[in-house]
Amino acid sequence: MNVTTIVGLEVHVQLQTKTKIFCGCANRFNPDAPNTQVCPVCLGHPGTLPVMNQEAFDLSLITATALNCEIAEFTKWDRKQYFYPDLPKGYQISQYDLPFSKQGWLEIDGDDGNRRKIRINRAHLEEDAGKNIHDETGRGKDSQVDLNRAGTPLLEIVSEPDLRSGAEAKQYLEEMRLLLTFLDVSDCNMQEGSLRCDANVNLHLTDDAGQTVATPIVEVKNLNSFRAVEAAIDFEVQRQLKEYEKSGRKLGDPGVEKETRGWDANRNVSFAQRGKEDAADYRYFPDPDLVPVTVTKERIAAVRAALPEAPATRRRRFEKELGLSTYDADVIVNQGRELASYFEEVVEVSGDGKQSANFVTQDVLREMKERGDEIGEFPVSASILGTIVKRVVDNKITTKSGREVFSALLEEADSDQEISTNRVDEMISERGLKVVSDTGALEEAVRSAIANCSSAVEDYRAGRKQAIGAIIGQVMKQAKGADAKAVRELIIKVIEETA
């Protein structure tokens, strides 16, 4: 039996606005002061009226355009009825039949290694609910409700069921988060709930005769990490396959409905919650308190023209124009827009993409990780690093010496000394790191080292080639700026000449 995994994701993104979507309450993560960022509007008090946050709609429009969606020139607001403790009004203001965008796509690398487009059914804007805080000890204590999040602007991005594994779903989410942060529409902090995901999963089972049946669709709710998304989908694949083999229940059978399940990250299992509601259960109707929104073709064109370069486009440009490997382009771009821009400034000064990538991916990222810095806080500016790399590219210093200068400049910056591009050349001079171009002086250093390392020379001639390392070390002490490869070649030449 051939098993095909079918996955569609509903991604919920909290937008980075100063205030909530329909009122003036602050929009910020504040778990230590529950129920303080609330007002009669977001609490749903009788007689209050919502007013749409223009910035929330603008950020949504930017996102949908970057996701290649069709933008509707007319969109409206709807009330979605359901009754949970964290929804004070008893309904959620959302969009139903006329969302502001639809039919987009996002590219990922599929499991087969090929780039392919994951279709996006729609992206619509709505208000978030609050947060229920339950007693996790199992002792039956009271649940609590924090409504600080109620009314936060939430963009829901619904994919088509085009994903075929937990790994693909994880990659789709990673690429989505990267794009959203490039656009600066959300911080996408999953720990704070700024990015959440529901996964719709089922299986298509094809027998030897070519007949295909589908298992019932399961929606796994509120997955708050990439690891959880991948693990939940992988678990559901195995669970649904065992369930089908045991019961034979399939999609379309009488009494079979879509099921909502939760995810227990501690035990790595999903658990049943309830039957999934259909649109009719929510009793949608147009919100009478909010006017529809119209968007002109000119505005859509202006938004599209102002979009920053997308991560996928930037990767391809780095590979094509700067000669980077796919791996290096991924590492740099996946760190975010600020680091990618830092790298491009380094290249602009150095004139060499590959050497710049080596320093950024190896030295800069290592130091940032150890220090806990963001690139905006990093003490070695792009112009200074570019100058170091330029000296390496121009063969003024070796790569090893370039790294020595980089480390020394970091130490000076840490001791509150002012560093600049001029300091690069000063340090090269102070430390005697300039590449030795005088071949006569280099040969003299080589002959001197050979004379002082007679045992190493005998070992080399006896076939122990690694013995040459001791001689190279002696030469490098005398000529700090010498190129190690050139020194090695010269040592071998002199040894063979004097055999």
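The values are calculated or read from the model by the stated rules, or taken from the named source; none is laboratory data. Computed from a prediction, not measured in an experiment: that's the story for all the values here. Here the Cβ positions follow ideal geometry from the backbone for every residue, glycine too, while neighbour counts run over all protein chains shown. Areas reflect the complete protein model, heavy atoms only, side chains present, ligands, DNA and RNA absent. Shrake-Rupley method; radii C 1.70, N 1.55, O 1.52, S 1.80 Å.
In terms of its C-alpha gyration tensor, region 268-347 has an oblate overall shape, because the principal axis ratio a/c (a ≥ b ≥ c, square roots of the eigenvalues) is not below 1.5 and a/b does not outweigh b/c. As a fraction of the 1.4 Å probe accessible area of region 384-467, surface on carbon and sulfur atoms comes out at 41 percent. Packing around the peptides 415-421, 56-62, taken as the average count of other Cβ atoms within 10 Å per residue, puts them in this order, highest first: 56-62, 415-421. Roughly how far apart, in whole Å, are the Cα centres of region 132-154 and region 171-231? So the separation of the two Cα centres works out to 24 Å. Checking the Cα-Cα distances for K76/K131; K89/K131; K354/K493; K369/K485 against a 22 Å cut-off, the pairs over it are K76/K131; K354/K493; K369/K485. Looking at region 37-153, the accessible area is 47 square angstrom per residue; that uses a 1.4 Å probe and ignores ligands, DNA and RNA. Relative protection proxy for 180-186, 294-300, from highest mean packing down: 180-186, 294-300 (other beta-carbon atoms within 10 angstrom). Across region 463-473, rounded Karplus estimates of 3J(HN,Hα) from the backbone phi angles (6.51 cos²θ - 1.76 cosθ + 1.60, θ = phi - 60°) give x, 8, 4, 5, 5, 5, x, 5, 5, 4, x Hz, Gly and Pro being marked x. The distance between label points at N395 and A305 comes to 4.8 nm (points 7 Å beyond Cα on the Cα→Cβ vector).
Which shape class applies to the chain: rounded if a/c is under 1.5, otherwise prolate when a/b exceeds b/c and oblate if not, where a ≥ b ≥ c are the square roots of the Cα gyration tensor eigenvalues? Because a/c hits 1.5 or more and a/b exceeds b/c, the chain counts as prolate. Taking all Cα pairs closer than 8 Å and separated by 6 or more residues, the relative contact order of the chain comes to 13 percent. On the beta carbon distance between N2 and V269, with R0 = 25 Å, the FRET formula returns roughly 0.45.
Based on DSSP H segments of at least four residues, each scored -39500 (n - 2.57), the chain has a per-residue ellipticity at 222 nm of -12500 deg cm²/dmol.
For a Förster distance of 22 Å, can you work out the FRET efficiency between the beta-carbons of R283 and N222, rounded to the nearest 0.05?
After rounding, the FRET efficiency stands at 0.45.
Using a cut-off of 12 Å between alpha-carbon atoms, which aspartates and glutamates can reach K400, once sequence neighbours fewer than 8 places away in the same chain are excluded? Partners found: D363, D483.
Summing +1 for each Lys or Arg and -1 for each Asp or Glu among the other residues whose beta-carbon sits under 11 angstrom from that of K465 gives +2.
Each Lys and Arg adds +1 at its Cβ and each Asp and Glu adds -1 at its Cβ; summed about the Cα centre, the chain shows a dipole of about 540 debye.
The residues of region 339-386 present an accessible area of 43 Å² per residue when probed at 1.4 Å with all protein chains retained.
Rounded to the nearest 10 degrees, the angle from helix 54-66 to the longest Cα principal axis of the chain is 60 degrees. Between 0 and 90 degrees, the angle of helix 166-183 with respect to the longest Cα principal axis of the chain falls at about 80 degrees. For R283, the accessible area of its heavy atoms, probed at 1.4 Å with every protein chain present, is near 130 square angstrom.
Give me the angle, in degrees from 0 to 90, between the Cα long axis of helix 439-452 and the longest principal axis of the Cα atoms of the chain, rounded to the nearest 10. So the helix axis and the longest Cα principal axis differ by about 80 degrees.
Straight-distance candidates among the lysines for linking to K258, with alpha-carbon spacing under 22 Å and chain neighbours fewer than 8 residues away dropped: K80, K221, K242, K246, K250, K276. Within region 73-122, the chymotrypsin sites (Phe, Trp or Tyr not before Pro) that combine a DSSP coil assignment with at most 12 other C-beta atoms in a 10 angstrom radius are F83.
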